[in-house]
Amino acid sequence: MSNINGSYEDAYVQLPQLCTDLVEANPGSIIVLDRTADNHFQCLFICYAASANGFGDCRPVLAPGS
């Protein structure tokens, strides 16, 4: 499988470039890549600009609290 898909380590090395490519392809998107002190992957947050803008057209909903 690693011959076809590559290793996990290789995929994590490519994450910064993936983030850069996503922002270039989707201007206004928010992408946050967190790494540990020793440069290991910790978490990744992606918010596409089109999705964020689409939520602006949603109607507010009031619901009773629990």
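The values are calculated or read from the model by the stated rules, or taken from the named source; none is laboratory data. Just so you know, these numbers come straight off a predicted model, no measurement behind them. Heads up, the Cβs are rebuilt from the backbone with ideal geometry, glycines too, and the neighbour counts pull from every protein chain shown. Only protein heavy atoms, including side chains, enter the accessible area calculation; ligands, DNA and RNA are left aside. Shrake-Rupley method; radii C 1.70, N 1.55, O 1.52, S 1.80 Å.
Provide Ile30, Ile4, Ile46 ordered by accessible surface of protein heavy atoms (probe 1.4 Å), highest first.
Ranked from most to least accessible, the order is Ile4, Ile30, Ile46.
Could you tell me which of Cys19, Tyr48, Pro60 has its Cα farthest along the dipole of the chain towards the positive end, charges placed at Cβ (Lys, Arg +1; Asp, Glu -1), taken about the Cα centre?
Pro60
With a 10 Å radius around each residue's Cβ, average the other Cβ atoms per peptide and rank 35-41, 55-61, 15-21, highest first.
In descending order of packing, they fall as 15-21, 35-41, 55-61.
If you place +1 on the Cβ of every Lys and Arg, -1 on the Cβ of every Asp and Glu, and leave all else neutral, what size is the dipole of the chain about its Cα centre, to the nearest 20 Debye?
With Lys and Arg at +1 and Asp and Glu at -1, about 300 debye.
Using Cα pairs under 8 angstrom and six or more residues apart, how large is the relative contact order of the chain, in percent?
21
If you line up the long axis of helix 8-25 against the longest principal axis of the chain, both from Cα atoms, how many degrees apart are they, to the nearest 10?
That works out to roughly 50 degrees.
What are the ³J(HN,Hα) couplings of segment 41-57, residue after residue, when phi is run through the Karplus curve with 6.51, -1.76, 1.60 and θ = phi - 60°? Round to Hz, x for glycine and proline.
The phi angles translate into 4, 10, 7, 9, 10, 10, 10, 6, 4, 4, 5, 4, 5, x, 5, x, 8 Hz.
Can you tally the net charge around Phe41? Count Lys and Arg as +1, Asp and Glu as -1, for every other residue whose Cβ sits under 14 Å from the Cβ of Phe41.
Neighbour charge sum, excluding Phe41 itself: -3.
Per residue, how much accessible surface does the chain expose to a 1.4 Å probe? Answer in Å², no decimals.
Per-residue value: 88 Å².
Carbon and sulfur: what percent of the chain's accessible surface (1.4 Å probe)?
Accessible surface attributable to carbon and sulfur in the chain totals 57 percent.
Summing +1 for each Lys or Arg and -1 for each Asp or Glu, what net charge is found among the other residues whose Cβ lies under 15 Å from the Cβ of Tyr12?
Neighbour charge sum, excluding Tyr12 itself: -3.
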